[in-house]
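Please read the structure below before turning to the comments.
The values are calculated or read from the model by the stated rules, or taken from the named source; none is laboratory data. Computed from a prediction, not measured in an experiment: that's the story for all the values here. Each accessible area value is taken on the protein alone, full model and side chains, heavy atoms only, with ligands, DNA and RNA left out. Shrake-Rupley method; radii C 1.70, N 1.55, O 1.52, S 1.80 Å.
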Amino acid sequence: VQFPERRWVRTGPSSLVAFVSSLTVLVAMATLSVISVVSYLLLACLCVTITFRVYKSVIQAVQKSHEGHPFRSQLDRDISVSPESARQLAERCRNRLNWLSVQTRRLLLVEDLVDSLKMAAIMWLMTYVGALFNGVTILILADVVFFTAPPIYQKKKVHHPPLPHFTPLLRPNRPGSL
């Protein structure tokens with residue numbers, strides 16, 4: 001099994017921050033509405049940034065320094081989307097949407113009976129999964145697997161010697177045999 005290379009999954013602190021953040025958002029989504037979750041996240045960000053801004057202003061007043069706005073470098077940074085990157089994103093979205101519409105048409109209009117039956121079986125199984133779990137619970141489970149599977153796989157990986165090493169053992173010892 002080859003997992004995609006995710007640098008932030010392998011590093012300890014950033015992996016922990018990413019995992020806790022994503023799990024917190026998903027658990028919040030399971031208990032609260034999307035609007036409430038977004039509102040609370042933005043409110044938490046505002047609390048942190050306003051507190052930091054006031055703290056830096058007080059420090060500047062006490063030390064009589066003129067450092068300026070603590071977020072000046074971020075405020076001056078250009079974050080606008082270039083026409084080229086917008087075009088590339090739109091092109092990728094269009095390609096995926098075209099692929100999805102072709103596949104949906106192919107499966108629903110039974111171009112290939114076997115593929116359509118596979119889809120029917122998967123959808124039938126998904127009705128049972130949907131009865132047991134809601135979508136956010138599945139996302140939480142996927143999030144936990146996404147962050148735990150690569151480290152566990154790396155720790156438990158067994159290195160096998162190359163196959164040519166075993167070829168003499170596999171050959172029969174009888175004369176005249178292949």
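Ignoring ligands, DNA and RNA, what percent of the accessible area of the range 8-123 is carbon or sulfur (1.4 Å)? Intermediate values should be presented prior to the final figure.
On the way: 6560 of 9470 Å².
That share works out to 69 percent.
Work out from phi, with θ = phi - 60° and the Karplus expression 6.51 cos²θ - 1.76 cosθ + 1.60, the ³J(HN,Hα) of each residue of the range 22-31, listed in order in whole Hz, and give x for Gly and Pro.
Going residue by residue, I get 5, 5, 5, 5, 5, 5, 5, 5, 6, 9 Hz, with x marking Gly and Pro.
What does the accessible area per residue of the range 16-62 come to in Å², with a 1.4 Å probe and no ligands, DNA or RNA counted?
Per residue, the range 16-62 has an accessible area of 73 Å².
Cα-based Rg (one decimal) and Dmax (whole number) for the range 52-109, in Å?
Taking only Cα atoms of the range 52-109, I get Rg and Dmax of 24.3, 74 Å.
Using a ≥ b ≥ c from the Cα gyration tensor of the range 16-62 (square roots of the eigenvalues), is it rounded, prolate or oblate, where a/c under 1.5 gives rounded and otherwise the larger of a/b and b/c decides, a/b for prolate? It would help to have the intermediate numbers written out before the result.
Numbers: a/c = 6.36, a/b = 2.28, b/c = 2.79.
Here the range 16-62 falls in the oblate category.
Checking the a/c ratio against 1.5 first, then a/b against b/c, what shape does the Cα gyration tensor give for the range 110-151?
Here the range 110-151 falls in the oblate category.
Could you give the length gained by full extension between residue 63 and residue 34, i.e. 0.36 nm per residue of separation minus their alpha carbon distance, to one decimal place?
So the chain would gain 6.1 nm between residue 63 and residue 34.
Using the Cα gyration tensor of the range 1-151, with a ≥ b ≥ c the square roots of its eigenvalues, what is the shape: rounded (a/c below 1.5), prolate (a/b larger than b/c) or oblate (neither)?
Since a/c reaches 1.5 and a/b is larger than b/c, the shape of the range 1-151 is classed as prolate.
Under 27 Å from the Cα of residue 56, which lysines turn up, not counting those fewer than eight places away in the same chain?
Leaving aside lysines fewer than 8 places away in the same chain, those within reach of residue 56 are 64.
Roughly speaking, what is the stretch gain from residue 79 to residue 47, that is 0.36 nm per residue apart minus the C-alpha to C-alpha distance, in nm to one decimal?
9.3 nm
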